[in-house]
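Asks: Structure in structure tokens, see below.
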Amino acid sequence: MTAIDFGTERTYDDANFSTVEVFRSEQMKVVCGYFEPGQFIPVHAPSSDVLIDIRSGTGLVRDGDTEHRVGARDVVARFLHHRPV
């Protein structure tokens, strides 16, 4: 099992959001993304499933034409293919 300390992994960049790859296997990659106020990821179509865990602050997540306001302790998941629960 891999334990990740989000505070220790954090890096800062005044101009753009920053990312740190903290784990990789054949099936999965875990990347921590850190944002300062006003920073964002340009709209794109990810080629893999995505899970976003908002640790603090607030933001806006777009999925196509739909916008979702998010805040601390929210989790957003986007799957390439529908996955039954």
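Asks: How much of the DSSP bridge set in the chain is antiparallel, in percent, rounded to the nearest 5?
Replies: Approximately 100 percent, going by the DSSP bridge assignments.
Asks: Here's something else I'd like to know. Over all directions, what mean area does the Cα convex hull of the chain project, stated in square nanometres?
Replies: Spelled out: convex hull of the Cα atoms, projected over all directions, averaged, 6.9 nm².
Asks: Turning to a different aspect of this structure: Specify whether the C-alpha gyration tensor of region 45-85 places it in the rounded, prolate or oblate class, a ≥ b ≥ c being the square roots of the eigenvalues: rounded for a/c under 1.5, otherwise prolate if a/b is larger than b/c and oblate if not.
Replies: prolate
Asks: Which whole-Hz ³J(HN,Hα) couplings does region 27-33 yield from phi under the Karplus relation 6.51 cos²θ - 1.76 cosθ + 1.60, θ = phi - 60°, glycine and proline marked x?
Replies: With the stated coefficients, region 27-33 comes to 9, 8, 10, 10, 10, 8, x Hz.
Asks: How big is the dipole moment of the chain about its Cα centre under a simple scheme where the beta carbon of each Lys and Arg is +1, that of each Asp and Glu is -1, and everything else is neutral? Debye, nearest 20, please.
Replies: On the way: 9 positive and 13 negative charges, 48 e Å.
Around 220 debye, computed over the chain.
Asks: For Phe17, what residues show an amide H to amide H distance below 5 Å, using hydrogens built from the backbone and excluding near sequence neighbours?
Replies: Phe40
Asks: In whole Hz, what ³J(HN,Hα) sequence does region 44-52 give by Karplus (6.51, -1.76, 1.60; θ = phi - 60°), x for Gly and Pro?
Replies: Per-residue couplings from phi come out as 7, 10, x, 9, 8, 4, 10, 10, 10 Hz.
Asks: At what distance in nm do the modelled label points of Arg24 and Thr2 sit from each other, each positioned 7 Å from its Cα along Cα→Cβ?
Replies: 1.0
Asks: A follow-up question, please. Just subtract the alpha-carbon distance of His68 and Asp13 from 0.36 nm times their residue separation and send over the number in nm, one decimal.
Replies: Roughly 17.3 nm would be gained on extension.
Readers should treat all values here as calculations from the given coordinates under stated rules, not as data from a laboratory. Please read these numbers as outputs of a predicted model, since none were measured by experiment. In this analysis, Cβ positions are derived from the backbone assuming ideal geometry, glycine residues included, and neighbour counts consider all displayed protein chains.
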